[in-house]
Amino acid sequence: MTDVVVVSELTGFQGLSDPIALYRDVFALRPTDPAPSPRLLAALAQNGGIALGAYSGGELVGFCYGFLGKNLADESAPYHYLELIVVRADRRNTGIGRLLMYRLREVCLDHGLHTIHWAYDPLRVDNAHFYLDVLGARGCQYIPNLYGTETTGRDRGHRTDRVIAHWNLTASRQDWPQPPAGVCPGVPTIDTETDTVLLAMPTGECSPGLQAQICVTLKDLITSGFQIVSCRTSADNLTVYRLVADTLRRDPHRHDVPPRSGPS
């Protein structure tokens, strides 16, 4: 970036209409479509939530917000649940999302929170690469149609299958290798060099049938004890998810998928 971007907490009601307007623009909402309200952001900031804005030249170019989360089914520690992160369309891929996430990490650690969770669309692979490879989060849960069929914005009419990412704020990020060529799209295979599972999809256009197959396969792998750790482009221009066995849930050497065979 050539200009200075400042990230600060949104703590007062004044100015909170700007994030909502940015959200509506980025997600192509109609005037009648629902959206978060300034009152919600103000309430979160006063009651355990966190809202951050990224400003360039005094103009809002990105923001994120979330709230305190707790898994009621077990005794695990509380975490921050990131509900939304938005970057203005003409400022994407300029580092603003990274600045927001790293500032969020600092604020969470200051509040005694060591994990951030959020939901993401597994078919939006640019986002997945950022979350998994840049930040070092892991995809730990798969929820089919989390919000029901989308009725607003750019994804109107689509299912809302989501991967739940967990970002351990005190763990070191691991660099995973570029995926090998020759992985068959939609078919999970073992990369025997790293003892991980690979699942590929076309980088560009992807048929609805293959998209559905990718989602079902990811769900089955995560349910059976795998975590998503990487999403990168291979030499033959496929986008490849890499998954590892969660050793707390399964034997890491038992893969119910075929080994990878090299290109013929």
Taking the condition of being crowded, with 22+ Cβ neighbours inside 10 Å and either of a type in the set (Phe, Trp, Tyr) or closer than 13 Å to PRO180 by Cβ (or both), how many residues in segment 224-237 meet it? 2
Kindly indicate the residue of segment 97-148 that is under 18 Å from GLU83 (Cβ atoms) and of a type in the set (Val, Ile, Thr) and also surrounded by the most Cβ atoms within 10 Å (Cβ to Cβ) among those meeting that condition. ILE116
For segment 156-211, list the strands (runs of 3 or more DSSP E) that sit wholly inside it and hold at least 3 residues that are without any contact (Cβ under 8 Å) to a residue 60 or more places away in the chain; which are they? 162-168, 196-202
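For ALA181, state whether it is farther than 29 Å from ARG24 by Cα and either surrounded by fewer than 12 Cβ atoms within 10 Å (Cβ to Cβ) or among the aliphatic types (A, V, I, L, M) (or both).
On the way: farther than 29 Å from ARG24 by Cα: yes; either surrounded by fewer than 12 Cβ atoms within 10 Å (Cβ to Cβ) or among the aliphatic types (A, V, I, L, M) (or both): yes.
Yes; evaluated as a whole, the condition is true for this residue.
Under the condition of being within 14 Å of HIS111 (Cβ to Cβ) and not hydrophobic (A, V, I, L, M, F, W, C), which residue from segment 57-69 is surrounded by the fewest Cβ atoms within 10 Å (Cβ to Cβ)?
Across segment 57-69, the extreme among qualifying residues is GLY69.
For (1) farther than 30 Å from GLY157 by Cβ; (2) in contact with a helix residue (DSSP H, G or I) (Cβ under 7 Å, 6 or more places away or on another chain), each residue gets a yes or a no:
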| site | (1), (2) |
| --- | --- |
| ARG30 | no, no |
| ASP33 | no, yes |
| ASN47 | yes, no |
| ALA54 | yes, yes |
| GLY62 | no, yes |
| GLY66 | no, no |
| SER76 | yes, no |
| TYR79 | yes, no |
| ARG91 | no, no |
Which listed residue is hydroxyl-bearing (Ser, Thr, Tyr) and within 20 Å of the chain's Cα centre (by Cα), from TYR65, TYR55: TYR65
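Any residue in segment 148-163 that is farther than 19 Å from PHE27 by Cα, modelled with pLDDT of 95 or more and touching a strand residue (DSSP E or B) at 6+ places or on another chain (Cβ under 8 Å)? If you could, list the steps in order and put the result at the bottom.
Going through segment 148-163, the residues farther than 19 Å from PHE27 by Cα turn out to be 163.
Applying the additional criterion that residues be modelled with pLDDT of 95 or more yields 163.
Next, only the ones that are touching a strand residue (DSSP E or B) at 6+ places or on another chain (Cβ under 8 Å) stay: 163.
Yes, the conditions are met somewhere in segment 148-163.
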Quick one: count up the residues across segment 203-220 that are out of contact with any strand residue (DSSP E or B) (no Cβ under 6 Å at 6 or more places or on another chain) and surrounded by fewer than 17 Cβ atoms within 10 Å (Cβ to Cβ). 9
With criteria (1) assigned to a helix (DSSP H, G or I); (2) within 26 Å of ASP33 (Cα to Cα), LEU123 comes up short on (1)
GLY209 fails exactly one of (1) more than 20 Å from ARG173 (Cα to Cα); (2) at pLDDT below 90, namely (2)
Just checking, does segment 128-145 include any residue being of a type in the set (A, V, I, L, M, F, W, C), touching a Cys at 6+ places or on another chain (Cβ under 9 Å) and outside any helix (DSSP H, G or I)? no
Segment 40-52 residues that are at positive phi, paired with ones that are surrounded by 15 or more Cβ atoms within 10 Å (Cβ to Cβ) and assigned to a strand (DSSP E or B) (beta carbon under 6 Å, 6 or more apart): GLY48/LEU68
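The values are calculated or read from the model by the stated rules, or taken from the named source; none is laboratory data. These numbers were taken from a predicted model, which means no experiment stands behind them. Don't worry about glycine lacking a Cβ; one is built from the backbone with ideal geometry, like all the others, and counts go over all protein chains shown.
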